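So the structure is just underneath, and the comments pick up after that.
The values are calculated or read from the model by the stated rules, or taken from the named source; none is laboratory data. All figures in this text were calculated on a predicted structure; none of them were measured in a lab. Every residue, glycine as well, gets a Cβ built from its backbone with ideal geometry; the counts of neighbours run over all protein chains shown.
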Amino acid sequence: MADNNDWEPKIVAFCCNWCSYGGADTAGMGRFQQPASTRVIRVMCSGRIDPLHVYNAFLEGADAVLVTGCHLGDCHYVNGNEKTELKYQFLEEMVKQLGLEPERLYLNWISASEGERFANFINDVTAKVKEIGPSPLKPEGVS
Amino acid sequence: MVEVGDKLVGYATDDEVRKRGASGGLVTAVLAAALEKGMVESVVVLKHIDEYEAVPIITDDVEEVLASTGSMHSVPVNLAKYAVDRKVAMPGKPCDIKAVIEQSKRNMIDLDNTYLVGLNCGGTMPPVLTKQMLIEMYDIDPEDVVGEDIEKGKLIYRTKDGNEKAISIEELEEAGFGRRKNCQYCQLKIPTNSDLACGNWGVIGDLAGSATFCEVMNEKGKKLIENAVEAGRIEVAPASDKAIAIREKVNGVMVKMGETTQEKVFTQMPDEERLPYYREALADCIDCGGCKLACPVCSCGDDAKCTLFHSLGDNYKMSMFHLVRLLHLSDSCIGCGQCTDVCPVDIPITRIQMSFSIPVQTKLNYKPGMNADEKPPFFEVMIK
Amino acid sequence: MIGNVYQTVCPGCNIGCGLYIREDEEGALSIDFMKSSPANEGKLCRFGIKLPEHYSKAVSMVDGAEASIEDAVKAASDKLKGADVTMLNVGNTTSEESLAFKAIADTLGCVVNTGMGVYSELPSECHPTVGVGMSLSDIESAKRIALFIDPYIQYPLVIRRILKAKENGASVVSVGWRNIHLADENKFIDPDKYESELGLDSESVIIADVHPNADPGWVKRMLNLALKTGAKIIFMKPFVNATGVDLLCKGTGQKGLKEIMDGINEGSIKTLVTLDSDLVELMPNSDEAAETLKKLDNLIVIASRDSAVNEIANVVIAAEPQYAKKGSFMNVEGQLLKNNGSGTAGIDALSSLNQNLGGEAMESASLHNKVLEGIIEKITKPKYKELACEVMDIGSMEGAKGNLVFLYNPFMWFDQKDDNDFVMVNLNMAKRLALRKGAMINLTSEGGSVSMRYKVEDMPDGLILTAKKIPAVTEWVATVSTEVV
C-alpha cells in the first residue's frame, strides 16, 4: 500500500434523496473544497439503508461508510430516519464488537441547505481515515 | 384447587409411569392427560434410541407419550421447531421454552395453542464426548450404563451390575468433558418462562427420586395440572417450606456458577485483536448453513437476508452470511448452543454470537425468550 | 407418531455421516441432526444439509409407461434372458442390495462393475489399502498430515479431524491445488519431490481420493508414497457404499465408467443394468451421456431416486428411497453403518429378478449375514510392492491458457444444483485477463466453450479450479483457453 499521505481513502456515503443528497449537491455548487474520496449512493430515504448495505460497502473495499439522512422530524416519509437511527444502534454496536475502528462508520443528519456542513463532514472523515489507514476488510487486489 | 404461583410436589398415579419417569413421571402423565382430554392435538416427546440418543417425535398416541423417555442429559436437541404450526403440548429445557417464546414473537407459534412443561436443567452433554468421558474418566463401558443423575455438583452413572460412580462436574469440565460449553454459562436453570416449571430439585425425604416438584407459572400451567388431576393421572400436594427453600438453594448455586463462567468466558479482547480473531475463527466455514438450520430462533426460512446476499463465489474477507446472522441474532440469541453442536468445522459459533449478543442485550435490557409480550428491540423498526 | 423418522446415512460420500430424515404427514422431508453418530457427531456438510432436495421418489416404468414393480421385474427378466449383460453398481445403495445384485450377475455369468476403473490397473494386493486404509480417528493422532484433496470443497467432514490433529500438535501440508486455510504449508511441487519434500514418516497420514475418473498413475504414486515413507494412507471415495461394493461385489474384468460408455458407443455393450448408478449424472457431459445410453438395446435401471436416467431407461424398477431401506453401508474406515428403516422393496425386486433368471430367492436377513462374513473375511490387509507409474503432467500455463482441474464433490457426482457456478483463478490471472467485478470468464476446450463467474483464490498461476460439472471438459485435467465476456 502506498504511503498514507498519497493514499486516498474510499468513502461510501449513503445519502437520502430529499436532504443529505441535496446537501452534497449544495456542497458542490458552493464550491466547498472537499477530497475526491467520496462515493455517494443515493437512496430515497435513509430508512432504506440496511445494515447489510453497510457491510457490503466495507467488504467491497470501503475505508469508511457514512449513513446520512434528514434531521429527525424532517423525514419525507414521516419517520424513516427514526428507523435508520434504531438500526444504526445495532450496527454501531456490532461494528464496535467486530473490532473495526469506530472512525470508519458514521451517522449524520444533513439538510439540503447544509452544503458546508456536508463538505466539512467529508473532510473530517477523510482526515481521520487517512490517519488509521486502509480498512482491514478491503479485499486483495482492491486499492 | 390449584392456583397460579402454587408450588407443588406430585407424581404419576400409574406405578409403571412413575417408576420409569426420571422423577415420579409427573411430566409424562401431565402430557398424556393433556392429549387424552383433547387440550392439544399432539405432543412432542423424545423417543428413546439408546442411553446417548433419542429423537423428537410428534405423536397423537397416548401410549407413545407414556412410553417416551425421561429427561436425558446427553441428548442436546432443541424442540422448539416441532411446535411450529401445531396445537401441541411439549416438555422442554429452559432453552427449548425460550426458543418457543421467540418463535411466537415471530408469529411461527401460537402460544395459546402451545402448552409448555418446563424441566429444570443444569446442563446437557454432547453424546460422543460423553461416551469418551465414561471410558477415560469413569472407566465404564458406555454400553453398560443404565442411568445417570446430577446430585450435589456431581455427575453420577449407574451401571448394569448395580454399581455407581460419581465425579464432580467441575473436575470433568476442567478435563474438557462434562456439560456443553454454553450450558456452563447458561443462567436459566428453572424454566420460569414455561407454563409449568418441573424438576426434582426440592423433592426430599421419602419422595426423593419418585416425585416431581412443580411450580404453576400461569393459567395454562394451572389448566395442565387440573386436567391431569381430573384425569386421574397425577396426585399433587403443596410443597413444604423446606422443599421450596432447597429448590431455591440448588437454583441459586447453579445460576451463580453460570454467572461466574460467563464472566470468565466473555472477557473482552483488546480492540485491535477482535477482528483478526473473528476472521480467523470463521475462516474454516464451509457454508453448509447448518447453524442457520439448527437455530431454534431463526424463522426466515430458506430464503433469508443471510443467504440471499451471500454467495460461495464472494471474494470477501468475512462472510456476509455470518455478518448478517451476527447482527440479526444480536438481540435474540438465547445461547442454546445448537449452532456450535452442528458446525462441521467446530467453529464455536454460539460463543461468537454471544459475544455480540450479550453487550446488546445488556444495553437494551432485553432478555430473549422470557416474556412473550416483550418484542425484540430490532422489531421496533417494523412496529413504529 | 405423526409422520416418520428414519435413522440413516448421508449418501454424499463414503464418510458415512449419520442423520435422521423426517417425513411429515404430507410427505415433505427435512433433516434432523444425529449427534451420537460416531462418524460425524451429528455434523453435516453443505450436501448433507440439502439432502431433502436430493431425495425424490422413483416410479417403476416399462418402455416409458408407468408400471407395477412386478411388471417391471418381469419385463426386465424377459429382456435379460440370454442377453450379453453389463452390470454397474458404484455404491449408492446398501451392501445387502449390492450382494443381491452380485447374485444376479452370478446367475447371468457376468461381473458387477463398480465404475472405479483404476482398480483394474492396480495389483489386487493393493485393493484393501485403497478400500480401507485406516480409521478417520487415526487422522486426529497423526503428527503430520499430507492432503491431496481439498477438504473444504470435496470432503468437508474431514476438516474437523484435521483441526483436532492440529490441536494435538500436528502440522499439515496441502499438496492440493488451492492454498487452504487449515494447512501450515501449501505446496505445489513436482510429484517426484513428494517423498523428499513433504516430510512424511510412520507417524504421518496421507489423505487422497479415488473416484471413477481418477488417474491410475496418480493413485499408484500415492500408494508408493505411503509405502516408502511408512505413512498411513486413506483414500476418500465419492459414493456412500463404494468401500462395501468394492469388498463384496467386485469380480475380475472391472470396467470404469468411461470404458462402459465407450463400449456402448462401439456397440460391444448392448444391455446395461444399473443399480442406483445414474450415468447421466455421473458422466461429465449429461447430454452426451444420455445420447450414448439411448444407443443401448436395453437399459434396465434399478433406482431409489427419480434421477435423469430413469427417463431414458427401457425398464425402471423403483425401490424405496435410500433412507427408508433396511440394510447397511460400509464407510471409508470400514465401519458397517446401519439404516433403521424396514424397506425391502429393492431387495425383494432383485430377489424375484434373480429367481426369474433361474437363480435363488434372497431375503434381507441372510444377505446381511453374508455381508458380515464377506467383509470380515476381506478386511485384512496384505502388503504390496512398489508400483511402476507414470503421472500426468500438470505444468503451469502461460498467457490466456489455463489448466482446468475438477474438485470432485457430491454436488458434481449427483449433478445437483448448488451455488457454485464459478471457477477459481489466482489474482495474476484475473489481472492478466483484466477481469472486473461481475465479469464472466469464457473457457474453451476441444469439447466446446462455457461462460462462468469467477472467484479469486490464492493458488498457482495458470490453474483454473471448478467444483461444478463443465460439459465442455471431460478430462480430470484439461487445457482450456480463456477470455473475458
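Points to keep in mind about this one:
- Verdict on A:Pro134 being outside any helix (DSSP H, G or I), more than 9 Å from chain B (Cβ to nearest Cβ) and closer than 28 Å to B:Ser319 by Cα: yes
- Residue that is surrounded by the most Cβ atoms within 10 Å (Cβ to Cβ) [pool: residues in the range B:329-346 that are among the hydrophobic types (A, V, I, L, M, F, W, C) and more than 10 Å from chain C (Cβ to nearest Cβ)]: B:Ile334
- Note on the range B:268-298: among residues that are assigned to a loop (DSSP other than H, G, I, E, B) and within 14 Å of chain A (Cβ to nearest Cβ), the one that is modelled with the lowest pLDDT is B:Gln268.
- Residue in the range C:164-184 that is away from chain B (no Cβ under 14 Å), under 25 Å from the mean Cα position of the chain (by Cα), small (Gly, Ala, Ser) and more than 23 Å from C:Glu386 (Cβ to Cβ) present: yes
- Against the list (1) over 21 Å from B:Asn113 (Cβ atoms); (2) buried (at least 18 other Cβ atoms within 10 Å of the Cβ); (3) of a type in the set (Gly, Ala, Ser), the condition B:Ala34 fails is (1).
- Some residue of the range B:273-281 being in contact with a Pro (Cβ under 6 Å, 6 or more places away or on another chain) and either among the small types (Gly, Ala, Ser) or surrounded by 18 or more Cβ atoms within 10 Å (Cβ to Cβ) (or both): yes
- C:Lys294 vs. criteria under 20 Å from C:Asn14 (Cβ atoms) and assigned by TED's automatic domain parsing to the domain that holds C:Gly117: no
- Considering residues of the range B:131-163 that are over 18 Å from B:Gly176 (Cα atoms) and small (Gly, Ala, Ser) only, the residue surrounded by the fewest Cβ atoms within 10 Å (Cβ to Cβ): B:Gly162
- Considering only residues in the range C:233-264 that are aliphatic (A, V, I, L, M) and in contact with a Cys (Cβ under 8 Å, 6 or more places away or on another chain), the one that is farthest from C:Ser277 (Cα to Cα) turns out to be C:Met236.
- Screening A:Arg39 on (1) surrounded by fewer than 17 Cβ atoms within 10 Å (Cβ to Cβ); (2) over 13 Å from the mean Cα position of the chain (by Cα); (3) not small (Gly, Ala, Ser) shows it passes everything except condition (2).
- Evaluation of B:Gly301 against (1) surrounded by 24 or more Cβ atoms within 10 Å (Cβ to Cβ); (2) in a loop (DSSP other than H, G, I, E, B); (3) more than 8 Å from chain C (Cβ to nearest Cβ) (one fails), failing number: (1)
- Long-range neighbours under 7 Å by Cβ, at least six apart or interchain, first residue outside the structural domain of B:Tyr11 (by TED's automatic domain parsing) and assigned to a strand (DSSP E or B) within the range B:224-248, second surrounded by 19 or more Cβ atoms within 10 Å (Cβ to Cβ) and acidic (Asp, Glu): none
- Boolean, C:Asp287 is closer than 27 Å to C:Leu80 by Cβ, in a helix (DSSP H, G or I) and of a type in the set (Asp, Glu): no
- When residues in the range C:395-452 are screened for being assigned to a strand (DSSP E or B) and either closer than 22 Å to C:Pro151 by Cα or away from chain B (no Cβ under 14 Å) (or both), 17 of them pass.
- One residue alone among A:Ser113, A:Ser135 is touching a residue at least 12 places away in the same chain (Cβ under 8 Å), among the polar types (S, T, N, Q) and buried (at least 18 other Cβ atoms within 10 Å of the Cβ), and that residue is A:Ser135.
- Any hit, the range A:70-90, residues being within 13 Å of chain B (Cβ to nearest Cβ), crowded, with 19+ Cβ neighbours inside 10 Å, among the acidic types (Asp, Glu) and more than 19 Å from A:Val40 (Cα to Cα): no
- The residue that is farthest from C:Ala324 (Cα to Cα), counting only those in the range C:267-288 that are surrounded by fewer than 24 Cβ atoms within 10 Å (Cβ to Cβ) and hydrophobic (A, V, I, L, M, F, W, C), is C:Ile269.
- Check on B:Tyr185, aromatic (Phe, Trp, Tyr) and within 21 Å of B:Pro368 (Cα to Cα): yes
- Counted residues, the range C:145-159 - those being among the aliphatic types (A, V, I, L, M), outside any loop (DSSP other than H, G, I, E, B), within 14 Å of another protein chain (Cβ to nearest Cβ) and in contact (Cβ under 8 Å) with a residue 40 or more places away in the chain: 3
- Scanning the range C:453-468 for residues that are more than 12 Å from every other protein chain (Cβ to nearest Cβ) and surrounded by fewer than 16 Cβ atoms within 10 Å (Cβ to Cβ) yields a single hit, C:Asp461.
- In this structure, B:Glu374 does not qualify as more than 14 Å from chain C (Cβ to nearest Cβ), surrounded by fewer than 23 Cβ atoms within 10 Å (Cβ to Cβ), modelled with pLDDT under 95 and assigned to a helix (DSSP H, G or I).
- Some residue of the range C:48-64 being within 14 Å of another protein chain (Cβ to nearest Cβ), within 22 Å of B:Leu46 (Cβ to Cβ) and of a type in the set (Val, Ile, Thr): no
- Residues of the range B:341-376 that turn out to be more than 24 Å from C:Cys45 (Cα to Cα) and in contact with a Ser or Thr (Cβ under 9 Å, 6 or more places away or on another chain), as a count: 11
- Pair list, Cβ < 7 Å and 6+ apart or interchain, from the range B:115-134 residues that are in contact (Cβ under 8 Å) with a residue 40 or more places away in the chain and away from chain C (no Cβ under 14 Å) to residues that are of a type in the set (Asp, Glu) and not in a strand (DSSP E or B): B:Tyr115/B:Asp195; B:Leu116/B:Asp195; B:Val117/B:Asp195
- Scanning the range C:183-235 for residues that are among the β-branched types (Val, Ile, Thr), out of contact with any strand residue (DSSP E or B) (no Cβ under 7 Å at 6 or more places or on another chain) and modelled with pLDDT of 90 or more turns up just one, C:Val219.
- Cβ-Cβ under 6 Å pairs, at least 6 apart or on other chains, the range A:50-63 side within 9 Å of chain B (Cβ to nearest Cβ), far side of a type outside the set (A, V, I, L, M) and not in a helix (DSSP H, G or I): A:Leu52/B:Phe309; A:Leu59/B:Tyr316
- Residues that are among the basic types (Lys, Arg) and closer than 17 Å to C:Asp138 by Cβ within the range C:191-232 comprise just one, C:Lys232.
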